[in-house]
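Input: a single structure, listed below in structure tokens.
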Amino acid sequence: MKAIIPAAGLGTRFLPVTKAQPKEMLPVLDKPIAQYVVEEAALAGVKEVLFVTGRGKRALEDHFDRSAELETALEDSGNLAGLRVIEQIPLLADIFYVRQKSPKGLGHAVSCGAPFINGEPFYVLLGDVITPDNDVLPLLKAVHDVTGGSVIAVEEVPDKLVSRYGVIAGEPLPYSDFEQVDCPVWRVDSLVEKPPMNEAPSNLAITGRYLLTPRVMDILKKTPRGRGNEIQLTDALVELAKVEPMHAVVIKPGTIWDTGNVLAWLEANVRLALKDERYAKDLRVAISTCLGE
């Protein structure tokens, strides 16, 4: 399968640091966010990745390309460990780029990849979401293999927060129907973008990982602008659910980490560092010192 990574946003929530660099290149620990996303796709068997970009995203292309000068410098200095790290980056997948020429929304960004997917099912991975354990895409694929339809990852959120997310409407299915998936699976009847708490059909929020059938591309061509005067992927999925089966995998809380705002990005850095033996001990000491404990 192939994967589309929308990465055309302006990153305004991170200004001024994103004035001259893509937010997808912000570091989480010692790797840019985009590298986590591509590694996740590669571990799920993806061989070809398409970044949908905009102006000012050249750093993405440079990162996933070879850097002969840097490789030579590392080799000459005897830093073979560093050399091995950067040599692996261009080998993760065959990476392609297409520009979203104007900011018309996530649905439009995905539709820019229609020629790339060549009429086959494909993954969509939002470029500011990471899954450190890389265990979500295999769940989507397992459900798709049974149903043949589109599958989205969702996560329970507190009722008071549902208005921040797109949520699904539907019903849970028996575990026996999906014995190979160690998570609840729902049949999706519809989706609602950022509903008021008292109107939300569930508290299952869409998390930024999708396995979609190519039929969605035809629907996106006809999808009018919606919330924010943008072409919303959620609106297209509503129509897709009317014409073919759609399911959702309810992943465990904490499986997917958002990095799309400053606080969430800081949390992702701290959480990963606390899991890394290189940094965990000293970071705990530093945090305790900052807190005066």
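The values are calculated or read from the model by the stated rules, or taken from the named source; none is laboratory data. It should be emphasised that the depicted structure is a prediction, and the values quoted were computed from it without experimental measurement. Neighbour counts are summed over all protein chains in view; Cβ atoms, including those assigned to glycine, are modelled from backbone coordinates with ideal geometry.
Of note, residue 83 does not satisfy the criterion of being in contact (Cβ under 8 Å) with a residue 24 or more places away in the chain, in contact with a helix residue (DSSP H, G or I) (Cβ under 7 Å, 6 or more places away or on another chain) and among the aliphatic types (A, V, I, L, M). The helices (runs of 4 or more DSSP H) located wholly in the stretch 199-293 that include 2 or more residues which are of a type in the set (Lys, Arg) occupy 215-222, 262-275, 280-291.
Here is the figure for the stretch 130-181: residues that are at pLDDT below 90, assigned to a helix (DSSP H, G or I) and out of contact with any helix residue (DSSP H, G or I) (no Cβ under 7 Å at 6 or more places or on another chain) total 5.
Taking the residues in the stretch 224-255 that are under 20 Å from the mean Cα position of the chain (by Cα), farther than 23 Å from residue 173 by Cβ and not charged (D, E, K, R) as candidates, determine which candidate is surrounded by the most Cβ atoms within 10 Å (Cβ to Cβ). Step by step, filter the stretch 224-255, then rank; the result is 233.
Given the residues 128, 135, which is the only one that is touching a Lys or Arg at 6+ places or on another chain (Cβ under 8 Å) and either surrounded by fewer than 23 Cβ atoms within 10 Å (Cβ to Cβ) or over 24 Å from residue 182 (Cβ atoms) (or both)?
Numbers: 135 fails: touching a Lys or Arg at 6+ places or on another chain (Cβ under 8 Å).
So the residue among 128, 135 that is touching a Lys or Arg at 6+ places or on another chain (Cβ under 8 Å) and either surrounded by fewer than 23 Cβ atoms within 10 Å (Cβ to Cβ) or over 24 Å from residue 182 (Cβ atoms) (or both) is 128.
Selection of the stretch 99-132 for residues being β-branched (Val, Ile, Thr) and closer than 24 Å to residue 258 by Cα yields 110, 124, 129, 130, 131.
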